[in-house]
Amino acid sequence: MVMHRLLAQQIRQDEPLPWNIYDSSSNLLLRKGFILDKHIHLPDLIERGMYVELSSIKVSLDNEGRNKHQFDPWRLWEDIQVRLGQVLKKPATDGKFSEQVQELADLVRLLSERSADVALAAIMLMEQGRYPVTHSLHCAVVAELVAKRLEWSTQERQSLCCAALTMNIAMLDLQHTLCNQATPLTPEQQQAVKSHPEQGFRILHTLGVRDSAWLQTVMEHHEQLDGKGYPRGLHKPSESALLLRTMDIFCAKVSPRAHRKPMLASEASRLMFTVEGRHENNPFPACLIKQVGIYPPGSFVKLGNGETGVVFKRGENANTPIVYSLINETGHGIATPIKRDTSQSPFHVLAVIPRCNMMLKFDPRVIWKSAVQ
């Protein structure tokens, strides 16, 4: 059975356990219905490792999803991010690494299916403090959404998502350094970047990954159709690798660096379409725009009536999102955000506002509290 390691946020003391809980060797620790009272030191149990069957926790999350007051996609996003950091920085050497990553891929897919707009908004709005981990999660979410739109099979999407989550396992420390580095790469850094797909392939294989599609996607995710990619200069990378490369570039452009501000998502989408989409064998930039929209959730926009708001969800067309207005036409904050359909006059989008220009602070959880699909 595939197991999911529990996080502290997923366990409530003084309430009956919703699942059987096992140790790392799949031995039963606590039966469903057992109550963890205040005398039990939960942090010690979490540190030792508490596991549930992945199918059981997915059912639990599905049930929560039917009750919008309980299901919290933002918490799920944070849980995945925290767990991914743990899995990548201290990968299991007991053969369980592959299962752990597949668990996370399942949760990414669940989040994307249940609350796709929240997942996209999190890319635009959540802090980037752990960029190497966060970037991989961003790529996994967008790749999953695009692959689902293209009707890829569950197994194809699983392999793709696992590749996205682990594509930079060989350069996590370097990636963190480069994120905060304003100077050009040194020759040593350039070599490390060019070799990281092959090194990542070897690391993953050593850790027990045997999914050939996963491994190939990691190996080829920087190859280009013109043969100018790396590490092997291929002209025909796998379809999965080409998709991941496209999402990798887009997510990198909309994320901040020490030496530059993040690119507006609308600009990044257009650039992806004109540059990456010029190759007739790369349909993914066009699909990206259709799936994410020109104004993805979490973008800030100026409306035709003078209001400024945040994109709440994608509309029927890529350029007509649903927006919640936060600032009125006189520049004052709106106490209760107002929902606007930008396909209707006079609420069309006039311009995109850079996040750094938004002086008004707000809690995105308040806006998206009912955004469960």
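The values are calculated or read from the model by the stated rules, or taken from the named source; none is laboratory data. What you are looking at is a predicted structure, and each value in this text was computed from that prediction instead of being measured. A quick note on method: Cβ atoms are made from the backbone with ideal geometry, for glycine too, and the neighbour counts reach across all protein chains shown. All accessible areas refer to the heavy atoms of the entire protein, side chains included, with ligands and DNA or RNA removed. Shrake-Rupley method; radii C 1.70, N 1.55, O 1.52, S 1.80 Å.
Things worth noting here:
- For the chain: rounded, prolate or oblate by the Cα gyration tensor [a/c cutoff 1.5]: oblate
- The chain - mean residue ellipticity at 222 nm from DSSP helices (-39,500 (n - 2.57) per run, n ≥ 4, rounded to 500): -14500 deg cm²/dmol
- The range 175-324 - percent relative contact order, Cα under 8 Å, separation 6 or more: 13
- Förster radius 45 Å - calculated FRET efficiency between L29 and H332 (Cβ-Cβ, nearest 0.05): 0.25
- Of the chymotrypsin sites (Phe, Trp or Tyr not before Pro) found in the range 281-363, those that fall in a DSSP loop while having at most 16 other beta-carbon atoms within 10 Å are F362.
- Efficiency of FRET between D341 and R149 - r from beta-carbon atoms, R0 30 angstrom, step 0.05: 0.85
- The residues of the chain present an accessible area of 47 Å² per residue when probed at 1.4 Å with all protein chains retained.
- Over the C-alpha trace of the range 212-283, radius of gyration and Dmax come out as 13.0, 37 angstrom.
- Evaluating 6.51 cos²θ - 1.76 cosθ + 1.60 at θ = phi - 60° for every residue in the range 352-365, the Karplus couplings come out as 9, 9, x, 4, 5, 8, 8, 7, 7, 9, 8, 8, x, 4 Hz, glycine and proline recorded as x.
- For the range 99-172, with all protein chains in place and a probe radius of 1.4 Å, 42% of the accessible heavy-atom surface sits on carbon or sulfur.
- Longest stretch of the chain clear of exposed loop sites (trypsin sites (Lys or Arg not before Pro), DSSP loop, at most 15 other Cβ atoms within 10 Å, sites excluded): 69-209.
- Heavy atoms of T274 accessible to a 1.4 Å probe, total area in Å² rounded to 10: 90
- Between G33, G200, G227, the residue with the greatest mean-square fluctuation in the GNM of the chain (Cα pairs under 10 Å linked by springs) is G33.
- Taking all protein chains as they are arranged and a probe of 1.4 Å, the heavy atoms of M124 leave approximately 40 Å² accessible to solvent.
- Total formal charge among the other residues, if their Cβ is under 11 angstrom from that of Q216, Lys/Arg +1 and Asp/Glu -1: -4
- Listed residues C139, C356, C161, most fluctuating in the chain (Gaussian network, C-alpha, under 10 Å): C356
- Residues of the range 81-95 with amide N under 14 Å of a point placed 7 Å along Cα→Cβ from E47: none
- For W19, distant residues with modelled amide H under 5 Å away: G33
- Kyte-Doolittle at least -0.5, axis length at least 30 Å by Cα - qualifying DSSP helices, the chain: none
- Two-site label geometry, E267 and A182: point separation in nm, points 7 Å out along Cα→Cβ: 1.8
- Annotation: amide H-H contacts under 5 Å for S255 (H modelled 1.01 Å from N, sequence separation of 5 or more, or interchain): M263.
- Shape call, the range 122-219: gyration tensor on alpha carbons, a/c limit 1.5: oblate
- Amide H partners (placed H, <5 Å) of I294, local residues excluded: N319
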